[in-house]
Structures are given as C-alpha cells and as structure tokens.
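Structure first, then comments.
The values are calculated or read from the model by the stated rules, or taken from the named source; none is laboratory data. All of these numbers come straight from a predicted model, not from anything done at the bench. Positions of Cβ are generated from backbone atoms using ideal geometry, with glycine treated the same way; all protein chains shown enter the neighbour counts. Heavy atoms of the whole protein, side chains included, go into the accessibility calculation; ligands, DNA and RNA do not. Shrake-Rupley method; radii C 1.70, N 1.55, O 1.52, S 1.80 Å.
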Amino acid sequence: PATSSQTSSMQPKLIIHGGAGSSLKDKGGLAAVRQDLHAIARNTYECLLQGASAIDAVVKGCQLLEDAPRFNAGTGSVLQADGQIRMSAALMDGTRQRFSGVINVSRAPHPIDLANALQPESDRVLSDYGAAELLRELHVPIHDPLTDLRLHEWIEERKGNFSRKMADVVAESRRGTIGVVALDNSGCLAAGTSTGGKGLERIGRVSDSAMPAGNYATQHAAVSCTGIGEDIIDECTATRIVVRVTDGLSLADAIAKSMQEAKVNNRDLGAIALDVTGAIAWGKTSEVLLAAYHDGTQIGDTLEWIGDGLSDALSN
C-alpha cells in the first residue's frame, strides 16, 4: 500500500480506534460508531493544531474514548467473571521511548490519566493495589464505570450459563479496546491504549493493553493494538511493527508483513500506526476495525473496510 508523507512543516497526524471484531452491531451500528469516532478524532486533532504535544493529545483522545460508553474502556467497560470491572491502560512517549501503565485498576474515570501520571516516575507500571494507591495520591474522585448495558450483559450471561447468544456478545467484548496514536508539530510520536478487558475473564488476567505488545512507540513509529489480548501478546504486535520500521521497512510494509504473519497464526487482532514521516497505516486480521484518522485535511475511517485486505495506508 502507498504511504502518506508529511511536509517539512511537520503537520500533525492522528489515528484512533475503538476496538475490532466481527460486526458493528454490539456498538450501536455504523452511523453511531462513526459519529463518536469522528467527533473524538476532530476534538483531539484540534488540540494538536493548537500546539499540544503528542503525549498530551494521546491522553486527551483516550479520555474522550474512555468517556464514550459505546467502547470497552473507562465508563462502559465489561465485567469480569466475579462481576467487577478492572481496567488497564498504557502510554508511551516515543521521543523519550518511555512506557508507563496500570493493570486491573477499578473505580477510575480515566485509567489513561494514571498511566500519564507515572510517565516521570521510576516505577512506571503498577498493578491493582499500586494503581489504587496512586488514585488516592492523585485525589481522583471515586468513579463507577458500570453502565446498565454491561450489567445486563453480565446478568444474562450468568443466567443463561454461557448461552450461544450471550457468548456472541462476550466474544465481541473480548476485542474491545480504545487507542490513540499522534504525531505533533514537533515531529514527536506517542501512543496510548486503554481497555476494560475481555469480559468474564479469570480474575487477575492481564491484557496486552498495558504491555509493549499492545502499545509501543519510539522516535520512528508508534502503534496501538486491539483484538484478542493473548493473540497480540503472542505476536508482540505493536513492538514488532515499530522495530520493523526502525530497521528500515516502510510503515505500510511493516503493518502488512506483521498482519500476514498474524493471519498465518490464526490471530484475531488489529493495529493503528503512524511514523515520523507522517505516514498513517492500519491493519487487521479481524473482520472489522473501528478506527478513524485525521490526515491534516480531512477525517476518514476504516469502518466499512471489510474486504480481504489485511492492511492499508493513505495514498500520497
């Protein structure tokens, strides 16, 4: 696929996602998802135009996605096997090549804020107890991310003893993640990813979202992943793509090669990416990728990109 290179003026670029899966039905349909993603992409890109750093824009975009109950992150997160919500998030500053994150945190409005707060720290990835203590230190008000829809899904699943209908709903939730990748006007890259998990999972399960496997950035490229967390971990998808760009492969080719390998291994995942030249690319082995991008001129999305192609990128 072709790539899109930015000009010497370092025009900001942005791509976001709200998950991946086999359909848009559980998210409210095409029009509803498109409206949410485009509005968030527009608002986040406006921050970049006003001079926000890539890391600040990524945090802002993730906050907006975490606030949208349509997506499985922040408010609207799915419930685990014991009926509790445990969320994870990660942030990576490509310029400093610095990763931070929280794992299985509860009662937080924006898990991405905790990851951001850990950026300057020496201990930069905290699990549930440490994340809860960080919430207290930051004086973040207690927040209940539960929605009626997620509670209903969990009750019906328990009542139906893993019936086929609810198993399908949970299968879609398993792919639920949000992510933002940004390039600012100084040429700096950042990536952020946040999730409520896959739903009904074993207590203590850790997703890819708080690992470099699912969220990774350097000065060369930045990637956020979505899909089945264990598949992303097994492929080490985000890091694999970034390393390939660092080693000289174009972003489009790095995504394409990584998605082909994932398909051969029967993985169910997707990825969004930017590189330092301003190239925007994405890929998936799942049927649908819920992503939207701003190329500096207009907003586009991947919602109706369903064909056999495993990857794509913007043309010059």
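Computing P(r) over Cα pairs in 20 Å bins from 0, in percent for the structure here picks out one of (1) 32, 55, 12, 0; (2) 39, 57, 4; (3) 26, 48, 19, 6, 0, namely (2). Solvent-accessible area of Arg205, all protein chains in place: 40 Å² (probe radius 1.4 Å, heavy atoms, ligands and nucleic acids excluded).
You can think of it this way: the chain between Asp144 and Gln11 has 44.1 nm of extra reach, that is 0.36 nm per residue less the Cα-Cα gap. Could you tell me which residue out of Asn185, Ser22, Thr147 lies farthest along the dipole of segment 13-301 toward its positive end? Charges go on the beta carbon: Lys and Arg +1, Asp and Glu -1, centred on the Cα centre. Toward the positive end, the furthest listed residue is Ser22. About its Cα centre, the chain has a charge dipole of approximately 260 debye under the convention of +1 per Lys or Arg Cβ and -1 per Asp or Glu Cβ, with nothing else charged.
Note on segment 182-253: with charges restricted to the Cβ of Lys and Arg (+1) and Asp and Glu (-1), its dipole about the Cα centre is near 160 debye. Farthest towards the positive end of the charge dipole of the chain, among the residues Ala222, Tyr45, Gln260, is the Cα of Gln260, using unit charges on the Cβ of Lys, Arg, Asp and Glu. In the chain, a dipole from Cβ-located charges (positive for Lys and Arg, negative for Asp and Glu) runs towards its positive end, and of Val58, Gly197, Val276 it is Gly197 whose Cα lies farthest in that direction. Residue-wise HN-Hα couplings along segment 198-206, as the Karplus relation 6.51 cos²θ - 1.76 cosθ + 1.60 with θ = phi - 60° gives them from phi, are 9, x, 6, 6, 4, 4, x, 4, 10 Hz; Gly and Pro carry x. Taking the helices alone, the chain has a mean residue ellipticity at 222 nm of -10000 deg cm²/dmol, built from -39,500 (n - 2.57) per DSSP H run of at least 4 residues and averaged over all its residues. Considering only chymotrypsin sites (Phe, Trp or Tyr not before Pro) in DSSP loops that have at most 16 other Cβ atoms within 10 Å, the longest stretch of the chain without any of them is 1-161.
Scalar couplings 3J(HN,Hα) for segment 44-50, obtained by applying the Karplus form with A = 6.51, B = -1.76, C = 1.60 to θ = phi - 60°, are 5, 5, 4, 4, 5, 5, 7 Hz; x denotes Gly and Pro.
Note on exposure: Lys198, Lys13 ranked by accessible area (1.4 Å probe, complete protein assembly) read Lys198, Lys13, with the most exposed listed first. Of the residues Thr277, Thr237, Thr75, ranked by 1.4 Å probe accessible area with the largest first, the sequence reads Thr277, Thr75, Thr237.
Spin-label model, Ile203 to Ser122: label points 7 Å out along the Cα-to-beta-carbon direction sit 3.4 nm apart.
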